[in-house]
Amino acid sequence: MEAPLRDAQWRSLYGLSYPVFTTVVEKLKPYITQSQLSLPSDYAVAMVLSRLAHGLSLKTLASRYALEPYLISKITNMVTRLLATKLYPEFIKIPVARRRLVETTQGFQEITPLPNVCGAIDTTPVKLHKLSPDAINGSMYYCKYGFPSLLLQVVADHKKIFWDVCVKAPGGHEDADHFRDSLLYNKLISSDIVWDKAVSVKGQPVRPYIVGDWSFPLLSFLMTPFSYDRTGSPAQNAFDEALMKGRKAVEEAIGLLKGRWKIMQDLNVGLNHAPQTIVACCVLHNLCQVAREPEPELWKEPEESGQTPGVLENEKQCYYYGGNLRQLLADDLYQRLSSR
């Protein structure tokens, strides 16, 4: 079979082309071999990828592969755990190396007129197929759209590649609370991560920062809109429009994630294994983006609106600096737009 035809067939079955499939198998094979699984590594990986790509149930896979459902579940848990732990550090990395940081900030300049953006952050509820009646605080899993879910937070670069992933809360949690509970927030608020590549804006040094919507707190390292309904000054509205252009990278990345790995549209795994399954799909998403796999039709998220969260005591300095920085960026942008 010729490569293009073979790869098209592979994508329809497993969500990715044959070369990317072999990469996944080669990277996981040593760990699968150690587990003394009675199945070949490529067979096990293919079975799990088909489940993730199509959201197939244990019963359907058991019939298709002539295996017991409990064994399908065991293999799914093993492969997704390996993807979420062993491959995560290789494929999901914060851009701290200067070369990658420069590439990322320059890439965002092709998307938004805001300078020195290094990432776009967003959250999405990942629907749970069912919630066990004995789940502790079961009502907390119901998101604002009315279905039980886990909250996934991601930061994407200009290529729609995730450089941070966090799944730490039920879907009923606020985006800001989830962000503040994340390892990324703690690293940034404590200055454990400092992006040194500063640019000058109106004579002021501006370090790289990420952009998010109004559900996130305004901080020195996280720029958010002035308003969600464009009720600010002309300069502020221009800034908000530019910021939302930058956010499109993460919106489309989430759309690709849920479009390519359909299990993310209706997560039919046990609650204990749901977070690692979500992270595994994020790792596979990055593998596909790096390999420049054809992008599937985007999964469309519902429209959001909301209010900016309050400021915590430990955030006040970052908040005031962020407010001054945001206004500086807005004034600079409006001046540049007005002089055209």
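Condition check ((1) without any contact (Cβ under 8 Å) to a residue 24 or more places away in the chain; (2) in the same structural domain as residue 270 (by TED's automatic domain parsing); (3) more than 21 Å from residue 257 (Cα to Cα)) across all residues:
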residue	(1), (2), (3)
30	yes, no, yes
34	yes, no, yes
37	no, no, yes
40	yes, no, yes
54	no, no, no
65	yes, no, yes
69	yes, no, yes
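Hey, does the range 167-174 have a residue that's under 17 Å from residue 94 (Cβ atoms) and either over 20 Å from the mean Cα position of the chain (by Cα) or assigned to a loop (DSSP other than H, G, I, E, B) (or both)? Scanning the range 167-174 turns up no residue that is under 17 Å from residue 94 (Cβ atoms) and either over 20 Å from the mean Cα position of the chain (by Cα) or assigned to a loop (DSSP other than H, G, I, E, B) (or both).
Among the residues of the range 282-297, those identified as in a helix (DSSP H, G or I) and out of contact with any strand residue (DSSP E or B) (no Cβ under 9 Å at 6 or more places or on another chain) are 284, 287, 288, 290. On the stretch given as the range 233-266, residues that are of a type outside the set (Val, Ile, Thr), within 19 Å of residue 50 (Cα to Cα), assigned to a helix (DSSP H, G or I) and touching a helix residue (DSSP H, G or I) at 6+ places or on another chain (Cβ under 8 Å) total 7.
Which of the following residues is more than 23 Å from residue 107 (Cα to Cα) and under 14 Å from the mean Cα position of the chain (by Cα): 280, 274?
Step by step, each of 280, 274 is checked, and only 280 is more than 23 Å from residue 107 (Cα to Cα) and under 14 Å from the mean Cα position of the chain (by Cα).
Scanning the range 183-216 for residues that are surrounded by fewer than 20 Cβ atoms within 10 Å (Cβ to Cβ), assigned to a loop (DSSP other than H, G, I, E, B) and touching a residue at least 24 places away in the same chain (Cβ under 8 Å) returns 193, 196, 197, 198, 202, 207. Checking 311, 269, 279 one by one, the residue that is in contact (Cβ under 8 Å) with a residue 40 or more places away in the chain and in a helix (DSSP H, G or I) is 279 and no other. Taking first residues from the range 329-340 that are of a type outside the set (S, T, N, Q) and partners that are outside any helix (DSSP H, G or I) and surrounded by 14 or more Cβ atoms within 10 Å (Cβ to Cβ), the Cβ contacts under 7 Å between residues at least 6 apart in sequence or on separate chains come to 329/114; 329/201; 332/201; 333/113; 333/114.
Among the residues of the range 314-328, which ones are among the hydroxyl-bearing types (Ser, Thr, Tyr) and either free of Cβ contacts under 8 Å to residues at least 12 places away in the same chain or touching a His at 6+ places or on another chain (Cβ under 9 Å) (or both)? Walk me through how you get there before you give the answer.
Narrowing the range 314-328 to residues among the hydroxyl-bearing types (Ser, Thr, Tyr): 319-321.
Once the filter is applied, which keeps residues that are among the hydroxyl-bearing types (Ser, Thr, Tyr) and either free of Cβ contacts under 8 Å to residues at least 12 places away in the same chain or touching a His at 6+ places or on another chain (Cβ under 9 Å) (or both), the range 314-328 yields only 320.
Only one residue in 310, 322 is in the same structural domain as residue 206 (by TED's automatic domain parsing), surrounded by 17 or more Cβ atoms within 10 Å (Cβ to Cβ) and of a type in the set (Gly, Ala, Ser). Which one? Spell out how you get there, then give the answer.
Numbers: 310 fails: surrounded by 17 or more Cβ atoms within 10 Å (Cβ to Cβ).
Being in the same structural domain as residue 206 (by TED's automatic domain parsing), surrounded by 17 or more Cβ atoms within 10 Å (Cβ to Cβ) and of a type in the set (Gly, Ala, Ser) holds for just one of 310, 322, which is 322.
Across the range 177-207, the number of residues qualifying as touching a Phe, Trp or Tyr at 6+ places or on another chain (Cβ under 6 Å) and either closer than 18 Å to residue 100 by Cβ or of a type in the set (Gly, Ala, Ser) (or both) comes to 2. Filtering the range 8-53 to residues that are within 22 Å of the chain's Cα centre (by Cα), among the hydroxyl-bearing types (Ser, Thr, Tyr) and surrounded by 17 or more Cβ atoms within 10 Å (Cβ to Cβ) leaves 14, 17, 50.
For residues that are surrounded by 14 or more Cβ atoms within 10 Å (Cβ to Cβ) and closer than 23 Å to residue 278 by Cβ, tally how many sit in the range 63-73.
In the first step, residues of the range 63-73 are kept if they are surrounded by 14 or more Cβ atoms within 10 Å (Cβ to Cβ); the result is 65, 67, 69, 71-73.
Restricting the remaining residues to those that are closer than 23 Å to residue 278 by Cβ gives 69, 71-73.
Residues meeting the conditions: 4.
The numbered conditions (1) at pLDDT 95 or above; (2) acidic (Asp, Glu); (3) over 20 Å from the mean Cα position of the chain (by Cα) are all true for residue 164 except (3).
The values are calculated or read from the model by the stated rules, or taken from the named source; none is laboratory data. Being a predicted model, the structure only gives us computed values, none of them experimental. Virtual Cβ from ideal backbone geometry, glycine too; neighbours counted across all protein chains shown.
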